[in-house]
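Scroll down for the structure; my scribbles are underneath it.
What follows is calculated from the coordinates using simple rules that are stated; it is not laboratory data. Please read all numbers here as calculations on a predicted model, not as lab measurements. Cβ sites come from the backbone with ideal geometry, for glycine too, and all protein chains shown count toward neighbours.
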Amino acid sequence: MDLNGFDHPGRPGGGGPRSVKVMIAGGFGTGKTTMVRSVSDIKPLTTEETLTQASADVDHLIGVADKTETTVSLDFGKIGLNDSLMLYLFGTPGQERFWFLWNGLFKGALGAVVLVDTRRLASSFRAIEEMERQNVPFVVALNVFPDSKNYPVEEIRDALDIPEDIPVVACDARDRASSRDVLVALIHHLKDRSAAALESR
Ligand SMILES: Nc1nc2c(ncn2[C@@H]2O[C@H](COP(=O)(O)OP(=O)(O)OP(=O)(O)O)[C@@H](O)[C@H]2O)c(=O)[nH]1
Ligand SMILES: [Mg+2]
């Protein structure tokens with residue numbers, strides 16, 4: 001795959017794939033764990049606990065009523081996009097009570113995927129704010145559920161209040177190829193940003 005130079009080994013002395021830490025973020029129940037599971041080359045580490053009835057009110061289960069588990073710490077997986085680029089994937093917890101973990105989790109991350117469920121757009125507002133606050137470049141991935149409406153991308157962009165240059169792509173987080181395409185879109189976005197930064201020097 002041609003990632004336009006982003007995938008060249010960056011370590012002094014070369015050799016071995018370049019490793020990049022990528023966050024899989026987004027609101028509660030948007031499909032973060034599903035994406036890490038579907039795309040990882042290794043059996044992912046997940047930290048899921050049973051969703052208790054007590055949290056049903058605060059977790060806004062509309063659209064994900066059959067959800068039984070939630071991430072309490074992180075998901076971890078990895079995927080080699082080609083011989084020279086290895087992505088280490090860190091899925092964040094979605095429940096508000098675990099958001100305090102986000103600060104530490106983002107350390108050293110080069111970029112992020114923010115998963116969005118268009119039936120519950122607001123659940124991902126906080127994740128987008130956090131990317132901006134922590135200055136982490138990101139792409140938005142719309143995880144399409146059977147009853148998701150097909151909104152024009154511009155409407156989604158307006159609703160999420162994100163600028164033109166942030167890619168918005170649709171995906172099915174359960175599908176490996178689709179999830180992989182999202183990661184490739186992120187790498188292209190990172191490459192475009194670093195090229196633009198070099199030009200403006
Ligand atoms: N139909 C459909 N269902 C999905 C898709 N992605 C995830 N699901 C289901 O939606 C639910 C939520 O998925 P999770 O992967 O647990 O979501 P999460 O973002 O990790 O959730 P938290 O860790 O609790 O924030 C699960 O029941 C999945 O089986 C999808 O693309 N399509
Ligand atoms: Mg999860």
Built amide H within the under 5 Å cut-off of Gly26, gap 5+: Leu115
Restricting to the chain, compute how many DSSP beta bridges are antiparallel as a %, nearest 5. 35 percent
Taking 182-194, 101-113 and ranking on average Cβ neighbours within 10 Å, highest first, one gets 182-194, 101-113
Across the range 72-79, in residue order, what do the Karplus-derived ³J(HN,Hα) couplings come to in whole Hz, using 6.51 cos²θ - 1.76 cosθ + 1.60 with θ = phi - 60° and x for Gly and Pro? 9, 9, 6, 10, 9, x, 8, 8
Helix-derived [θ] at 222 nm for the chain: sum -39500 (n - 2.57) over DSSP H runs of at least 4, divide by residue count, nearest 500? -8000 deg cm²/dmol
Estimated vicinal HN-Hα couplings, Hz - the range 152-169 in sequence order (Karplus 6.51, -1.76, 1.60; Gly, Pro = x): x, 4, 4, 5, 5, 4, 5, 4, 8, 6, 10, x, 3, 7, 8, x, 10, 10
Ratio of Rg to Rh for the chain, alpha carbon only, Kirkwood? 0.96
